[in-house]
Amino acid sequence: MAFFDKLKQGLQKTRNVIKDRIDDVFSAFQSVDEELFEELEEVLISADVGVEASLEIIEQLRQNIKEKKINDAEEAKQELFRVIKEILEENDTELKLSTSPSIILVVGVNGVGKTTSIGKLANQLKQEGKSVMMAAGDTFRAAASEQLSIWADRTGVPLVKHQEGADPAAVIYDAITSAKAKHIDVLICDTAGRLHNKKNLMDELNKMFRVIQRELPDADLEVLLALDATTGQNAVIQAEEFTKQTNVTGIILTKLDGTAKGGIVIAICKKKSIPVKFIGVGEGLDDFKKFDADEFATALLY
């Protein structure tokens, strides 16, 4: 199945909330009026686009329709598509991986799909012809390294790990040393999702950053925040927390196939100005792809 078809299928729950209801709204109106805008706003909010983003989308839509003198409901829907697409296109979604090695640090709370995303990302980069290595930097969660080992075996990617409870920064140091020696293109590092308090978690992340800065000061560094789409607005709160503490360069949005809250993509792009760089719409290795604004907006509304 082509990924676009998987995307439409994976977004089915969200499509039921957004596309079907938007189609109902437009089919019920013969002309474009204020009541139409209010109905559309309600649909967007119910799909977890968020109040702030929904209000801005509707205001922009209202302005565009006025300027373009649109009276037809179908033309108005096409304009709504363009407004949403423009929001999703505001940020650059490409990974910056020009150095060898480059580093990707994957952060996020436990349970959002960090380990799975690392495995799928490693597979994708490998398919693009890059040599990849993983580092098991989450040494605090029981079985985290073992789970990453399974993905390393599955994708044929080398893994650097220490025993449970080891210093995560030491794992990163050894992985960098190995990546340099083996001329690896991309080193993907897992991190702890939660320690016994937030300060400890951030202290550990900062230690990792210091090791990277010391050992590879000129390397390209991507910090990808994994978020679970099924948590809706809570994902926005997590994004706010992590961006306060770390320089998040992009978001991996997981589990889009399990939620009616796929509108959260729009909320995140609008609120945090952080690009969604990857999305996951299933369990398979290939159910993970670089985010494409046009593809996503089309799958959502058409």
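If only one of 268, 251, 274 is assigned to a loop (DSSP other than H, G, I, E, B) and either in contact with a Leu (Cβ under 9 Å, 6 or more places away or on another chain) or buried (at least 24 other Cβ atoms within 10 Å of the Cβ) (or both), which one is it? I'd like the intermediate steps shown before the answer.
Numbers: 268 fails: assigned to a loop (DSSP other than H, G, I, E, B); 251 fails: assigned to a loop (DSSP other than H, G, I, E, B).
It is 274.
Is it the case that residue 101 is at pLDDT 95 or above and under 23 Å from residue 221 (Cα atoms)? Steps first, please.
Numbers: at pLDDT 95 or above: yes; under 23 Å from residue 221 (Cα atoms): yes.
Yes: the conditions hold for residue 101.
State whether one or more residues within region 145-155 are over 20 Å from the mean Cα position of the chain (by Cα), closer than 20 Å to residue 276 by Cα and in a helix (DSSP H, G or I). No, region 145-155 contains no residue that is over 20 Å from the mean Cα position of the chain (by Cα), closer than 20 Å to residue 276 by Cα and in a helix (DSSP H, G or I). Of the residues making up region 44-64, those that are surrounded by fewer than 20 Cβ atoms within 10 Å (Cβ to Cβ) and out of contact with any Phe, Trp or Tyr (no Cβ under 8 Å at 6 or more places or on another chain) are 45, 46, 51, 52, 55, 56, 59, 60, 63, 64. Checked against the criterion of being at pLDDT below 95 and either within 21 Å of residue 112 (Cβ to Cβ) or not in a helix (DSSP H, G or I) (or both), region 168-186 contains one or more residues that satisfy it. Note on region 212-237: residues that are crowded, with 19+ Cβ neighbours inside 10 Å and part of a helix (DSSP H, G or I) total 6. The conditions of being in contact with a strand residue (DSSP E or B) (Cβ under 6 Å, 6 or more places away or on another chain) and either of a type in the set (Lys, Arg) or modelled with pLDDT of 95 or more (or both) are met by residue 219. For region 171-203, filtered to residues that are among the acidic types (Asp, Glu) and touching a residue at least 40 places away in the same chain (Cβ under 8 Å), the residue that is surrounded by the most Cβ atoms within 10 Å (Cβ to Cβ) is 190. On the basis of being farther than 21 Å from residue 219 by Cα and surrounded by fewer than 18 Cβ atoms within 10 Å (Cβ to Cβ), does residue 156 make the cut? Judged against the criteria, residue 156 is a match.
If you go through region 74-85 and keep only what is within 13 Å of residue 295 (Cα to Cα) and either surrounded by fewer than 15 Cβ atoms within 10 Å (Cβ to Cβ) or hydroxyl-bearing (Ser, Thr, Tyr) (or both), you end up with just 82.
The values are calculated or read from the model by the stated rules, or taken from the named source; none is laboratory data. Bear in mind that the values here come from a model prediction, so they are computed numbers and not experimental data. Cβ atoms come from the backbone with ideal geometry, glycine included; neighbour counts cover every protein chain shown.
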